[in-house]
Amino acid sequence: MLRPAAFEYEAPTRLDEALELLEARENAVALAGGQSLMPAINARAVRPDLVVDIMRIASMHGLRVANGRLQLGALTVHRVLVTDPRVRHAAPLLAQAASLIGDPTVRRRGTLGGSLAHNGFGAELPVACLALGAAIDVHSVTGDRVTPAVRFFDGGHTVLAPASLVTAIDVPVAGPAEGSAVREYSGQRHGVNVVAAARVWRTPAGRCGDVRLALGGAHAPVSLDKLAAEHLIGVLVDDVRSVEAAVVRLSRAVEAELLPFRTRHEDLSGAAAGRSIAAACGDVARRRLGKLHGH
Amino acid sequence: MDIELVVDGRCQRLEVEPRELLGHVLRERLGCRGVHVACAIGVCGACTVLVDGEAVRSCLMLAVQTHQREVRTLRGVSSGGRPHPVEELMSRNGGVQCGYCTSGMVLGALSYLDENPAPSNDDITEAISGHVCRCTGYAGIVRAIADYAAHRTTGAAEKSNRGGA
């Protein structure tokens, strides 16, 4: 039977209150949706002296589209990422990634900021944020700074300093020539899922003009943009066979690249990377056809 | 800490430690024996209850977080001492054997149907994907929920999941 060790509890309604509470106590933790932190507290893997419940901080909720960016409060729950039309339209990759998290009940409580701060193995949102080039806003009592996703995630950890909070996330709005996809595979022998997120841009001539690829699961979230670019740039994205040939080469390259991270267990990272790219290329075509038919 | 919450339609006032999980308080201090805290890490679904009408994992919530909120267990979505219609359908469709997962399963499904009242079988499978059943093989559970959803949509259901008709 798992039960937490004793702790104190505070539920501030303002960000500055929360930051002061976290700063003042050495062994304090911030509790958002609890879907990652509570399992650790229940199992006593984490034994805080103070739990600061941040869910009542209004300034960390809400989302809006402004100046070509989608800005999301860190306490946006996964369910909102999946269902809100603004997210589905502006950052479909985020909606797709969130739809793979847990189950509907977990998605009602788990938060975007919490998922990024926790950066658990197999987490989908860190991978999506890497592929999106998200800007992550972090506050502490000394001020705030914006960190790009590629610097925020550090192996299996984050650069989030103690007593600081992810407060907002900022991603670019997807343009009409961009396609995206997330692919996730589970059932590997070590039980951890592999998740890949890809974005592909189509030039007017029908070739891949740019690409983003991020991967996570069996290892920490990693950006594979350069590797993807080597294999995808110039490929005719509307031609299934060209895409497939490039994807097969990319999958093998991904496996070779991640070889140092692999254990003896089978790893589907190459497959996940390849399938997400192929699906993103398909998404580009679908969007283009949608536009042609006036959708 | 002193908390006040409504559980299955009754106001409860009690003093809890911050570390007490909602699931344990419901089961051990308020006698809600239908709440099963099993894995305590949020993956099995057996502890699922409704807080302000939405399904949550009661093992991942602190009791103090339900101050001034409304909690419903399976007992709270039926009325007059009779089982909820979906429970009867589960029983009839082979969706209940030992019954351990049933409470959480039903509440999770009802909450899902609030958001998606006309689910496909794939949707229902997704809806129960966070609920482990070791007995039935799930097919009877899916059938029961599909049956309930169909009748609910056509207005033939007697009760909503908010408790009481």
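Every read-out reported here was derived from the displayed coordinates using simple, explicitly stated rules and does not represent laboratory data. Keep in mind that what you see is a predicted model, and the values were worked out from it rather than measured. In this analysis, Cβ positions are derived from the backbone assuming ideal geometry, glycine residues included, and neighbour counts consider all displayed protein chains.
Please turn the phi angles of segment B:130-138 into ³J(HN,Hα) values with the Karplus equation 6.51 cos²θ - 1.76 cosθ + 1.60 (θ = phi - 60°), one per residue in order, whole Hz, x for glycine and proline.
Residue by residue, segment B:130-138 yields x, 10, 8, 10, 9, 9, 8, x, 6 Hz.
If you bin every alpha carbon distance in the protein assembly as shown into 20 Å steps from zero, what whole percent lands in each bin?
Going out from 0 Å in 20 Å bins, the protein assembly as shown shows 24, 53, 23, 1 percent.
Of B:Y148, B:Y138, how do they rank once you tally other Cβ atoms within 10 Å and put the fewest first?
Least crowded to most crowded, the residues run B:Y138, B:Y148.
Taking a virtual spin label 7 Å from the Cα of A:A58 along the C-beta vector, which residues in segment A:16-31 bring their backbone nitrogen under 18 Å of it?
Zone members listed by number: A:16-19.
Using amide H atoms built in the peptide plane, which far-off residues or other-chain residues are under 5 Å from A:V235 H to H?
Distant-sequence amide H within range of A:V235: A:C208.
What does the charge count near B:G42 come to, summing +1 for each Lys or Arg and -1 for each Asp or Glu among other residues with Cβ under 13 Å from its Cβ?
Local net charge: +3.
Can you compute the FRET efficiency between B:M1 and A:R145 using 1/(1 + (r/R0)^6), with r the Cβ-Cβ distance and R0 = 45 Å? Round to the nearest 0.05.
My answer for the efficiency is 0.80.
Treat every Asp and Glu Cβ in segment A:1-86 as -1 and every Lys and Arg Cβ as +1, leave all other atoms uncharged, and give the resulting dipole magnitude about the Cα centre to the nearest 20 debye.
Using Cβ point charges on Lys, Arg, Asp and Glu, segment A:1-86 gives about 500 debye.
Helix-derived [θ] at 222 nm for chain A: sum -39500 (n - 2.57) over DSSP H runs of at least 4, divide by residue count, nearest 500?
-11000 deg cm²/dmol
If you take the beta carbon distance between B:D114 and A:H157 as r and set R0 to 41 Å, what does 1/(1 + (r/R0)^6) give as a FRET efficiency, to the nearest 0.05?
Using R0 = 41 Å, I get an efficiency of 0.60.
Please list, in order along segment A:73-83, the HN-Hα scalar couplings obtained from phi with the Karplus expression 6.51 cos²θ - 1.76 cosθ + 1.60 (θ = phi - 60°), rounded to whole Hz, x for Gly and Pro.
Per residue, the Karplus-derived 3J(HN,Hα) values read x, 4, 8, 4, 7, 4, 4, 5, 4, 6, 9 Hz.
Once the Cα atoms of helix B:139-153 and of chain B are each reduced to a long axis, what angle between those two axes, in degrees from 0 to 90 to the nearest 10, is obtained?
The angle comes out at about 90 degrees.
For a quick check, take a GNM of chain A with Cα springs below 10 Å and name the residue from A:L224, A:L232, A:L50 with the largest mean-square fluctuation.
Among A:L224, A:L232, A:L50, the largest GNM mean-square fluctuation belongs to A:L50.
How crowded by other chains is A:35-42, given as the mean number of beta carbons from other chains within 10 Å of each beta carbon?
5
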